[in-house]
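Peer 1: Encoded as structure tokens, here's the structure I'll be asking about.
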Amino acid sequence: MRQDFRQQQVIVVGAGSTGLALCRYFQQRGAGVVLSDARRQEEISGLSELAAAGISFDCGQHSTELFLQADLVVLSPGVPETIAAVVAARQAGIPVLGEIEIAWRELTAPLIAITGTNGKSTTTSVIGAIFQQWGMRTFVGGNLGLPLIEATGRDDWDWVIAELSSFQLETIEQFRPRYALLLNITEDHLDRYPDMASYIAAKARIFENLQPDDVAILNAEDPLVAQLAPSINACQVWFSSARLLEQGMGYEAGQMVWRWQGCEERFTAKELRLRGLHNVENVMAALIPALLEGCPPQLAWSAACAFAGLDHRMVAVRQLDGVWWFNDSKGTNVGSVVKSLAGLEAPVTLIAGGKDKGGDYAPLAELVLERVAHLLLIGEASGRIAEALGSLTDTRFAATLQEAVTLARQLTPSGGAVLLSPGCSSFDMFKNYGERGEIFTQAVLALPEKECCR
Ligand code: UMA
Ligand code: ADP
């Protein structure tokens, strides 16, 4: 039901896609809105429309004085709860929530929430494709791109499918999805969290308000996920890419095997357009809500099979002089680079680096030793990556991504592969991972057909 914020003063923190959507949301529901951003007003685009709608700005700072006059403070995911104005507002008893909580309070359709360190966007998109193919009016968004608050623009959704990051889960309160998927947990975002335990605790909040008639979908092969299970107060449905399960979604000899209440369905993984065991895991998890909701298994499967994958995730850009070039710009943590490298044969030229997130690069050591002939490093994290992996293979530094592409062209022999899978976020050199992937793709497509200077 549409919420009423008349007479309320709301501070929206962060002027990215979430903050701008939140401003429109609160303004349409009668609130007085202030948009607060650490950047200066002239650095932010899209504000003139908001100004015309009567929204005011607190830019270049987060002014504690203003926050203390608010009835509600709503944070964008990229804004940590630890900034001084937010801490002061909380101490003064002013509610501090996130966009996900605000959206959830208004949405009436059942919600499927997906989190995990890796595979969220792929899984979310496959679930969306299945439900859409099944004829459901389905919203697909969240961390994936379209902020969840945008789902409140319509009230006739049959299903809402939301990818959630740990950042977004930090600021929920009553948020209660019907299905909560946790795909995996490996190191990430240690520039935001003091330690791994805090990152895991944020992810685990997806289960916080579940009731026994809700469903938690869990990866049986992930020890950190399994450790959370005893505290989850919901029906637990497991998936495993390593073995058959008595109940749930198992895997045997290239087939996903769904066993539930005495029935069995088998799906042959090689029919998928998505490649790699990690994508098998994503599809297994994605099928479960649809199967439990009574979607005909073959319909769900054909939608999953037709899904061609998302941009910037192991996209084969081009084959040139016998070398395949892959864009995996969304490989923004070590766990995802491991999966991408594992899918390629030696010799690989790996382009990595970017904004360091404080994690450990050592889990890559074995694969680097085995498959990476040349490691080309870019961005702020170059030094730390070189320290961890530089002694294992030929390691070089490039000032720009374009320079790394030129170097890769010179170094990679026919039969090899060049992989951009940075293991880091992009914000030191690019607007986001999408821009990084586009620049890589353009540079690769611009390489001349015949190598003349080898
Ligand atoms: N800002 C402040 N004060 C601060 C920090 C940031 O004012 O202390 C301001 C910045 O100046 C900027 C704004 O906050 O103007 C940016 O807010 P934001 O980072 O929340 O960006 P949005 O555009 O709203 O995008 C967010 C998600 N971004 C992050 O979580 C960092 C997007 O996920 C998401 O798609 C979008 O909401 C819609 O839900 C991106 C992401 O990188 C893809 N996510 C991380 C990941 O996938 O690893 C979690
Ligand atoms: P996310 O939204 O969680 O970042 P994506 O679906 O966008 O996940 O995939 C990003 C990268 O993570 C992919 O390029 C791939 O390398 C890796 N990846 C995808 N699924 C998995 C998985 N289930 N387990 C581990 N790594 C994965």
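Peer 1: Does Val126 qualify as being within 23 Å of Ala234 (Cβ to Cβ), without any contact (Cβ under 8 Å) to a residue 60 or more places away in the chain and β-branched (Val, Ile, Thr)?
Peer 2: Here the answer is no, as Val126 does not meet what is asked.
Peer 1: Look through Leu376, Leu369, Leu389 and report the one residue that is in the same structural domain as Met429 (by TED's automatic domain parsing) and either of a type in the set (Gly, Ala, Ser) or assigned to a strand (DSSP E or B) (or both).
Peer 2: After ruling out the rest, the residue left standing is Leu376.
Peer 1: Of the residues Pro422, Pro413, which single one is buried (at least 22 other Cβ atoms within 10 Å of the Cβ) and at pLDDT 95 or above?
Peer 2: Pro422
Peer 1: For the structure I just gave you, tell me whether Ile149 is more than 13 Å from ligand 1 (Cβ to nearest atom) and either among the hydroxyl-bearing types (Ser, Thr, Tyr) or in the same structural domain as Ala285 (by TED's automatic domain parsing) (or both). If you could, list the steps in order and put the result at the bottom.
Peer 2: On the way: more than 13 Å from ligand 1 (Cβ to nearest atom): no; either among the hydroxyl-bearing types (Ser, Thr, Tyr) or in the same structural domain as Ala285 (by TED's automatic domain parsing) (or both): yes.
Answer is no for this residue.
Peer 1: Test of understanding: among Gly142, Gly78, which residue is within 20 Å of Ala38 (Cα to Cα) and within 16 Å of ligand 2 (Cβ to nearest atom)?
Peer 2: On the way: Gly142 fails: within 20 Å of Ala38 (Cα to Cα).
That would be Gly78, the only listed residue that is within 20 Å of Ala38 (Cα to Cα) and within 16 Å of ligand 2 (Cβ to nearest atom).
Peer 1: Is it true that some residue in segment 1-11 is crowded, with 22+ Cβ neighbours inside 10 Å and either part of a loop (DSSP other than H, G, I, E, B) or touching a residue at least 12 places away in the same chain (Cβ under 8 Å) (or both)? Give the derivation first.
Peer 2: Filtering segment 1-11 down to residues crowded, with 22+ Cβ neighbours inside 10 Å leaves 10-11.
Applying the additional criterion that residues be either part of a loop (DSSP other than H, G, I, E, B) or touching a residue at least 12 places away in the same chain (Cβ under 8 Å) (or both) yields 10-11.
Scanning segment 1-11 turns up at least one residue that is crowded, with 22+ Cβ neighbours inside 10 Å and either part of a loop (DSSP other than H, G, I, E, B) or touching a residue at least 12 places away in the same chain (Cβ under 8 Å) (or both).
Peer 1: Hey, can you tell me all the residues within segment 287-321 that are on the phi > 0 side of the Ramachandran plot and among the aliphatic types (A, V, I, L, M)?
Peer 2: Hit for segment 287-321 is Met314, nothing else.
Peer 1: Considering (1) buried (at least 24 other Cβ atoms within 10 Å of the Cβ); (2) farther than 18 Å from Leu228 by Cα, say which one Ala180 fails and leave the rest.
Peer 2: Unmet condition: (2).
Peer 1: Identify all residues within segment 256-275 that are under 22 Å from Thr122 (Cα atoms) and surrounded by 16 or more Cβ atoms within 10 Å (Cβ to Cβ); write none if there are none.
Peer 2: Within segment 256-275, Met256, Val257, Trp258, Phe267, Ala269, Leu272, Leu274 qualify.
Peer 1: Can you pull out every residue in segment 11-26 that is in contact with a Leu (Cβ under 8 Å, 6 or more places away or on another chain) and under 22 Å from Thr108 (Cβ atoms)?
Peer 2: Within segment 11-26, just Arg24 meets the criteria.
Peer 1: Suppose we keep only residues that are acidic (Asp, Glu) and part of a helix (DSSP H, G or I) within segment 253-296. Which one would you say is nearest to the chain's Cα centre (by Cα)?
Peer 2: So the first thing to find is which residues in segment 253-296 are acidic (Asp, Glu), and the list is 264-265, 271, 281, 293.
With the extra rule that they be part of a helix (DSSP H, G or I), the set shrinks to 271, 281.
Values: Glu271: 25, Glu281: 15 Å.
Filtering segment 253-296 for residues that are acidic (Asp, Glu) and part of a helix (DSSP H, G or I), the one nearest to the chain's Cα centre (by Cα) comes out as Glu281.
Peer 1: Right, something else. If Thr117 satisfies every condition in (1) within 14 Å of ligand 1 (Cβ to nearest atom); (2) modelled with pLDDT of 95 or more; (3) assigned to a helix (DSSP H, G or I) but one, which is the exception?
Peer 2: (3)
Peer 1: For segment 216-252, which residues satisfy the criterion of being surrounded by fewer than 21 Cβ atoms within 10 Å (Cβ to Cβ) and part of a strand (DSSP E or B)?
Peer 2: If the condition is that a residue be surrounded by fewer than 21 Cβ atoms within 10 Å (Cβ to Cβ) and part of a strand (DSSP E or B), then Cys235, Gln236, Gly248, Glu252 are the ones that fit.
Peer 1: Suppose we filter segment 90-114 for residues that are farther than 19 Å from Ala15 by Cα and assigned to a helix (DSSP H, G or I); how many remain?
Peer 2: Looking only at that region, the number is 5.
Peer 1: Exactly one of (1) at pLDDT below 95; (2) surrounded by fewer than 20 Cβ atoms within 10 Å (Cβ to Cβ) is unmet by Asp188. Its number?
Peer 2: (2)
Peer 1: Being part of a loop (DSSP other than H, G, I, E, B) and within 26 Å of Glu187 (Cα to Cα) is the filter here; which residues of segment 315-342 pass it?
Peer 2: Residues satisfying the conditions are Asp328, Ser329, Lys330, Gly331, Thr332, Asn333.
Peer 1: Only one residue in Gly46, Gly32, Gly19, Gly14 is of a type outside the set (Val, Ile, Thr), in contact with a helix residue (DSSP H, G or I) (Cβ under 8 Å, 6 or more places away or on another chain) and in contact (Cβ under 8 Å) with a residue 24 or more places away in the chain, so which one is that?
Peer 2: On the way: Gly32 fails: in contact with a helix residue (DSSP H, G or I) (Cβ under 8 Å, 6 or more places away or on another chain); Gly19 fails: in contact with a helix residue (DSSP H, G or I) (Cβ under 8 Å, 6 or more places away or on another chain); Gly14 fails: in contact with a helix residue (DSSP H, G or I) (Cβ under 8 Å, 6 or more places away or on another chain).
It is Gly46.
Peer 1: I've got another one for you. Does Gly54 satisfy the criteria of being in contact (Cβ under 8 Å) with a residue 12 or more places away in the chain, touching a Phe, Trp or Tyr at 6+ places or on another chain (Cβ under 8 Å) and not in a strand (DSSP E or B)? Walk me through how you get there before you give the answer.
Peer 2: Details: in contact (Cβ under 8 Å) with a residue 12 or more places away in the chain: yes; touching a Phe, Trp or Tyr at 6+ places or on another chain (Cβ under 8 Å): no; not in a strand (DSSP E or B): yes.
Criteria not met by Gly54.
The values are calculated or read from the model by the stated rules, or taken from the named source; none is laboratory data. None of these values were measured; they are calculated from a predicted model. Cβ atoms come from the backbone with ideal geometry, glycine included; neighbour counts cover every protein chain shown.
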